[in-house]
Amino acid sequence: AQSVTQLDSHVSVSEGTPVLLRCNYSSSYSPSLFWYVQHPNKGLQLLLKYTSAATLVKGINGFEAEFKKSETSFHLTKPSAHMSDAAEYFCVVTPFSGGYNKLIFGAGTRLAVHP
Amino acid sequence: GAGVSQTPSNKVTEKGKYVELRCDPISGHTALYWYRQSLGQGPEFLIYFQGTGAADDSGLPNDRFFAVRPEGSVSTLKIQRTERGDSAVYLCASSFRTGQEAFFGQGTRLTVV
(Lines give C-alpha, C1' and ligand atoms only; values in the text may rest on other atoms or scores of the structure.)
Protein backbone atom coordinates (compact mmCIF):
# COMPACT_ATOMS: atom_id res chain seq x y z
CA ALA A 1 0.00 0.00 0.00
CA GLN A 2 1.07 3.56 -0.65
CA SER A 3 1.17 6.31 1.95
CA VAL A 4 2.95 9.54 2.75
CA THR A 5 3.93 11.05 6.09
CA GLN A 6 4.59 14.74 6.39
CA LEU A 7 6.77 15.06 9.43
CA ASP A 8 5.76 18.60 10.43
CA SER A 9 2.23 19.92 10.61
CA HIS A 10 3.48 23.53 10.94
CA VAL A 11 6.71 25.18 9.86
CA SER A 12 7.56 28.82 10.55
CA VAL A 13 10.43 30.68 8.89
CA SER A 14 11.58 34.23 8.46
CA GLU A 15 11.47 35.87 5.06
CA GLY A 16 14.72 35.28 3.21
CA THR A 17 15.68 32.13 5.12
CA PRO A 18 15.63 28.57 3.74
CA VAL A 19 12.53 26.40 3.72
CA LEU A 20 12.52 22.65 4.42
CA LEU A 21 9.28 20.66 4.38
CA ARG A 22 9.80 16.98 5.11
CA CYS A 23 8.03 14.03 3.52
CA ASN A 24 8.53 10.29 3.80
CA TYR A 25 6.68 7.83 1.62
CA SER A 26 5.81 4.18 1.58
CA SER A 27 5.19 2.44 -1.72
CA SER A 28 5.09 -1.12 -2.96
CA TYR A 29 5.75 0.10 -6.47
CA SER A 30 8.25 2.48 -7.96
CA PRO A 31 6.38 5.63 -6.96
CA SER A 32 5.55 8.87 -8.61
CA LEU A 33 5.75 11.71 -6.08
CA PHE A 34 4.44 15.25 -6.11
CA TRP A 35 4.23 18.38 -4.05
CA TYR A 36 1.08 20.49 -4.24
CA VAL A 37 0.46 23.90 -2.67
CA GLN A 38 -2.88 25.23 -1.46
CA HIS A 39 -3.27 28.95 -0.84
CA PRO A 40 -6.31 30.15 1.12
CA ASN A 41 -9.45 30.18 -1.00
CA LYS A 42 -7.57 28.85 -4.01
CA GLY A 43 -7.36 25.46 -5.65
CA LEU A 44 -4.51 23.01 -5.27
CA GLN A 45 -1.59 23.78 -7.55
CA LEU A 46 1.15 21.40 -8.64
CA LEU A 47 4.59 22.58 -7.52
CA LEU A 48 6.69 19.77 -8.90
CA LYS A 49 6.71 16.06 -9.73
CA TYR A 50 9.08 13.10 -9.65
CA THR A 51 8.45 10.30 -12.14
CA SER A 52 11.66 8.18 -12.11
CA ALA A 53 13.81 10.53 -14.14
CA ALA A 54 16.25 12.91 -12.39
CA THR A 55 16.22 12.53 -8.60
CA LEU A 56 16.53 16.30 -8.07
CA VAL A 57 13.37 17.91 -9.31
CA LYS A 58 12.90 21.62 -9.87
CA GLY A 59 9.47 23.18 -9.66
CA ILE A 60 7.79 26.52 -9.83
CA ASN A 61 8.55 29.54 -7.63
CA GLY A 62 12.08 28.37 -6.81
CA PHE A 63 11.06 25.16 -5.05
CA GLU A 64 12.86 21.88 -5.54
CA ALA A 65 12.75 18.39 -4.08
CA GLU A 66 15.13 15.45 -3.99
CA PHE A 67 14.00 11.85 -4.28
CA LYS A 68 16.08 9.62 -1.98
CA LYS A 69 15.10 5.99 -2.36
CA SER A 70 17.39 4.75 0.40
CA GLU A 71 15.69 7.11 2.86
CA THR A 72 12.22 6.88 1.27
CA SER A 73 12.12 10.66 1.41
CA PHE A 74 11.03 13.47 -0.89
CA HIS A 75 11.71 16.68 1.05
CA LEU A 76 10.75 20.06 -0.40
CA THR A 77 13.22 22.94 -0.17
CA LYS A 78 13.60 26.56 -1.19
CA PRO A 79 16.73 28.64 -0.59
CA SER A 80 14.95 31.85 0.38
CA ALA A 81 11.37 32.17 1.59
CA HIS A 82 9.02 34.88 0.36
CA MET A 83 5.93 36.14 2.15
CA SER A 84 3.86 34.79 -0.74
CA ASP A 85 5.05 31.23 0.05
CA ALA A 86 2.81 31.11 3.12
CA ALA A 87 0.33 28.30 2.36
CA GLU A 88 -0.48 24.64 2.98
CA TYR A 89 1.81 22.14 1.26
CA PHE A 90 0.92 18.55 0.47
CA CYS A 91 3.23 15.67 -0.39
CA VAL A 92 1.50 13.18 -2.67
CA VAL A 93 2.22 9.66 -3.95
CA THR A 94 0.53 7.71 -6.69
CA PRO A 95 0.65 3.94 -7.19
CA PHE A 96 1.19 4.28 -10.92
CA SER A 97 4.63 5.33 -12.05
CA GLY A 98 4.31 8.34 -14.31
CA GLY A 99 0.59 8.60 -13.69
CA TYR A 100 -1.79 10.77 -11.77
CA ASN A 101 -4.37 8.20 -10.82
CA LYS A 102 -5.63 8.06 -7.29
CA LEU A 103 -3.33 10.64 -5.76
CA ILE A 104 -2.69 9.82 -2.08
CA PHE A 105 -2.13 12.96 -0.04
CA GLY A 106 -0.24 13.52 3.16
CA ALA A 107 -1.89 15.46 5.99
CA GLY A 108 -0.20 18.69 4.94
CA THR A 109 2.32 21.17 6.33
CA ARG A 110 1.28 24.72 6.99
CA LEU A 111 4.10 27.12 6.17
CA ALA A 112 4.16 30.51 7.88
CA VAL A 113 6.59 33.18 6.69
CA HIS A 114 7.38 36.08 9.03
CA PRO A 115 8.86 39.45 8.03
CA GLY B 1 -13.63 27.25 -19.33
CA ALA B 2 -10.27 28.40 -18.04
CA GLY B 3 -10.21 26.05 -15.10
CA VAL B 4 -12.16 23.43 -13.18
CA SER B 5 -15.39 24.94 -11.91
CA GLN B 6 -17.29 23.62 -8.92
CA THR B 7 -20.75 24.69 -7.83
CA PRO B 8 -21.96 25.65 -5.38
CA SER B 9 -18.93 27.03 -3.57
CA ASN B 10 -20.74 26.59 -0.26
CA LYS B 11 -23.66 24.38 0.70
CA VAL B 12 -25.38 24.13 4.05
CA THR B 13 -27.91 21.35 4.44
CA GLU B 14 -29.81 19.65 7.22
CA LYS B 15 -28.98 16.18 8.41
CA GLY B 16 -30.85 13.58 6.39
CA LYS B 17 -31.22 15.71 3.26
CA TYR B 18 -29.97 14.91 -0.25
CA VAL B 19 -27.31 17.06 -1.92
CA GLU B 20 -25.73 17.30 -5.35
CA LEU B 21 -22.34 18.83 -6.02
CA ARG B 22 -21.37 19.75 -9.55
CA CYS B 23 -18.02 19.76 -11.31
CA ASP B 24 -17.26 21.29 -14.72
CA PRO B 25 -13.85 20.04 -15.84
CA ILE B 26 -11.50 21.79 -18.19
CA SER B 27 -12.78 21.43 -21.74
CA GLY B 28 -11.36 18.35 -23.45
CA HIS B 29 -10.18 16.66 -20.26
CA THR B 30 -11.18 13.01 -20.25
CA ALA B 31 -10.18 12.10 -16.70
CA LEU B 32 -12.08 13.49 -13.71
CA TYR B 33 -11.48 12.94 -10.00
CA TRP B 34 -13.38 13.64 -6.79
CA TYR B 35 -11.65 14.12 -3.45
CA ARG B 36 -12.87 15.01 0.03
CA GLN B 37 -10.87 17.19 2.40
CA SER B 38 -11.83 17.25 6.05
CA LEU B 39 -10.61 19.99 8.37
CA GLY B 40 -6.89 19.66 9.05
CA GLN B 41 -6.48 16.71 6.71
CA GLY B 42 -5.14 16.13 3.24
CA PRO B 43 -7.56 15.41 0.39
CA GLU B 44 -8.89 11.85 0.35
CA PHE B 45 -9.63 10.06 -2.93
CA LEU B 46 -13.28 9.25 -3.61
CA ILE B 47 -13.75 8.30 -7.26
CA TYR B 48 -12.11 8.63 -10.66
CA PHE B 49 -13.78 8.73 -14.10
CA GLN B 50 -12.19 8.02 -17.43
CA GLY B 51 -14.75 9.30 -19.93
CA THR B 52 -18.24 8.39 -18.79
CA GLY B 53 -17.33 5.38 -16.70
CA ALA B 54 -16.11 5.20 -13.12
CA ALA B 55 -12.67 3.60 -13.43
CA ASP B 56 -12.10 3.47 -9.69
CA ASP B 57 -14.73 4.16 -7.02
CA SER B 58 -12.90 2.47 -4.18
CA GLY B 59 -12.77 5.67 -2.15
CA LEU B 60 -16.51 6.21 -1.81
CA PRO B 61 -17.15 5.75 1.92
CA ASN B 62 -20.52 3.99 1.66
CA ASP B 63 -23.56 3.55 -0.56
CA ARG B 64 -24.95 6.98 0.34
CA PHE B 65 -22.35 8.43 -2.01
CA PHE B 66 -22.71 8.19 -5.77
CA ALA B 67 -21.22 10.05 -8.72
CA VAL B 68 -22.11 10.25 -12.39
CA ARG B 69 -20.61 11.68 -15.54
CA PRO B 70 -23.21 10.85 -18.21
CA GLU B 71 -21.70 12.66 -21.17
CA GLY B 72 -18.05 12.45 -20.25
CA SER B 73 -17.80 16.08 -19.22
CA VAL B 74 -19.74 17.49 -16.25
CA SER B 75 -19.86 15.29 -13.17
CA THR B 76 -22.23 15.30 -10.22
CA LEU B 77 -21.45 13.90 -6.80
CA LYS B 78 -24.61 12.87 -5.00
CA ILE B 79 -24.94 12.31 -1.29
CA GLN B 80 -28.09 10.79 0.18
CA ARG B 81 -29.27 11.02 3.79
CA THR B 82 -26.46 13.39 4.70
CA GLU B 83 -24.78 13.05 8.08
CA ARG B 84 -22.81 15.61 10.08
CA GLY B 85 -19.66 13.58 9.38
CA ASP B 86 -20.07 14.34 5.67
CA SER B 87 -19.15 17.95 6.35
CA ALA B 88 -15.97 18.68 4.39
CA VAL B 89 -14.63 20.39 1.31
CA TYR B 90 -15.30 18.33 -1.80
CA LEU B 91 -12.65 18.81 -4.48
CA CYS B 92 -12.85 17.99 -8.15
CA ALA B 93 -9.89 17.67 -10.51
CA SER B 94 -9.48 16.90 -14.20
CA SER B 95 -6.65 15.92 -16.51
CA PHE B 96 -6.35 15.71 -20.31
CA ARG B 97 -6.01 11.98 -19.98
CA THR B 98 -4.91 9.45 -17.43
CA GLY B 99 -1.31 9.95 -16.50
CA GLN B 100 -1.15 13.70 -16.97
CA GLU B 101 -1.24 16.56 -14.51
CA ALA B 102 -4.51 16.95 -12.66
CA PHE B 103 -5.93 20.46 -12.21
CA PHE B 104 -8.07 21.09 -9.15
CA GLY B 105 -11.14 23.27 -8.66
CA GLN B 106 -11.61 25.43 -5.59
CA GLY B 107 -13.97 22.98 -4.00
CA THR B 108 -17.46 22.93 -2.52
CA ARG B 109 -17.62 23.41 1.23
CA LEU B 110 -20.44 21.20 2.51
CA THR B 111 -21.78 21.77 5.99
CA VAL B 112 -24.37 19.38 7.42
CA VAL B 113 -26.22 20.81 10.42
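Among the listed pairs A:K78/B:K11; A:K49/B:K11; A:K102/B:K11, which are separated by more than 30 Å between their Cα atoms? Correct reply: A:K78/B:K11; A:K49/B:K11. By the Cα gyration tensor, chain A has an equivalent ellipsoid whose semi-axes, rounded to whole angstrom, run 23, 14, 12 from largest to smallest. Taking all protein chains together and rolling a 1.4 Å probe, A:T17 ends up with roughly 50 Å² accessible. Assuming R0 = 22 Å, what is the FRET efficiency of A:T5 and A:K68, from their Cβ-Cβ distance, to the nearest 0.05? That gives a FRET efficiency of 0.95.
The 3J(HN,Hα) values that the Karplus relation (6.51, -1.76, 1.60; θ = phi - 60°) gives for the stretch A:37-49 are, in residue order, 10, 10, 7, x, 6, 10, x, 5, 10, 6, 8, 6, 9 Hz. Gly and Pro appear as x. Annotation for the stretch B:1-53 versus the stretch A:38-92: alpha-carbon center distance of 24 Å.
Each residue of the stretch B:61-77 was assigned a 3J(HN,Hα) from its phi angle through the Karplus curve 6.51 cos²θ - 1.76 cosθ + 1.60 (θ = phi - 60°); the sequence is x, 6, 6, 7, 9, 8, 9, 9, 8, x, 10, x, 10, 5, 10, 10, 9 Hz, with glycine and proline shown as x. Database remark: amide H of B:G107 closer than 5 angstrom to the amide H of B:Q6, B:C92 (H placed geometrically; neighbours at sequence offset of 5 or more, or on other chains; Pro and chain starts carry no H).
Of the residues A:E71, A:E15, A:E88, the one that moves most in a GNM of chain A with alpha-carbon contacts below 10 Å is A:E71.
Taking 8 Å as the Cα distance limit and 6 or more residues as the minimum spacing, I'd like the relative contact order of chain A as a percentage. Relative CO of chain A lands at 38 percent. With a Förster radius of 25 Å applied to the beta-carbon distance between A:A53 and B:D57, the computed FRET efficiency rounds to 0.20.
Assuming a ≥ b ≥ c are the square roots of the Cα gyration tensor eigenvalues, decide whether the protein assembly as shown counts as rounded (a/c under 1.5), prolate (otherwise, with a/b larger than b/c) or oblate. Taking the square roots of the gyration eigenvalues as a ≥ b ≥ c, the protein assembly as shown is prolate.
At a probe radius of 1.4 angstrom, the accessible area of chain B per residue rounds to 48 square angstrom. A loss of 50 Å² or more of accessible area (1.4 Å probe, protein heavy atoms, ligands and nucleic acids excluded) relative to the isolated chain is seen in these residues of the stretch A:32-76: A:L44. Total buried accessible area between B and A, probe 1.4 Å, nearest 100: 1400 Å². B:T30 sits with roughly 50 Å² accessible to a 1.4 Å probe, with DNA, RNA and ligands left out of the calculation.
Treat each spin label as a single point 7 Å out from the Cα along the C-beta direction, and report the B:R84 to A:H39 distance in nm. So the two model labels end up 3.6 nm from each other.
Converting phi to 3J(HN,Hα) with the Karplus coefficients 6.51, -1.76 and 1.60 and the offset θ = phi - 60°, the stretch B:82-89 yields 4, 10, 4, x, 7, 4, 4, 9 Hz in sequence order, with x at every glycine or proline. Of the residues in the stretch B:84-113, those shielded by at least 30 Å² of accessible area once partner protein chains are present, compared with the chain alone at a 1.4 Å probe, are B:G99, B:E101, B:A102, B:F104, B:Q106.
Measuring heavy-atom accessible area with a 1.4 angstrom probe and counting protein chains only, the residues of the stretch B:26-71 that give up at least 10 Å² relative to the chain alone are B:Y33, B:Y35, B:Q37, B:G40, B:Q41, B:G42, B:P43, B:F45, B:Y48, B:D56, B:S58.
Across chain B, the relative contact order, built from alpha-carbon pairs under 8 Å that are at least six residues apart, equals 37 percent. With all protein chains in place and a 1.4 Å probe, the accessible surface of the protein assembly as shown carries 50 percent carbon and sulfur. Check each of the chymotrypsin sites (Phe, Trp or Tyr not before Pro) in the stretch A:1-91 and keep only those in coil by DSSP with at most 14 other C-beta atoms within 10 angstrom; list them in order. Of the chymotrypsin sites (Phe, Trp or Tyr not before Pro), the ones in loops of the stretch A:1-91 whose Cβ has at most 14 other Cβ atoms within 10 Å are A:Y29.
Note on A:H82: accessible area is roughly 90 Å² with a 1.4 Å probe, heavy atoms of protein only.
For A:A112, nonlocal amide neighbours, meaning residues 5 or more places apart or on other chains whose placed amide H falls under 5 Å from its own, are A:V11, A:S12, A:V13.
The values are calculated or read from the model by the stated rules, or taken from the named source; none is laboratory data. Computed from a predicted model, the values in this text were never measured in an experiment. We place every Cβ from the backbone using ideal geometry, glycine too, and count neighbours over all the protein chains shown. The accessibility values were calculated without ligands, DNA or RNA, using every heavy atom of the protein model including side chains. Shrake-Rupley method; radii C 1.70, N 1.55, O 1.52, S 1.80 Å.
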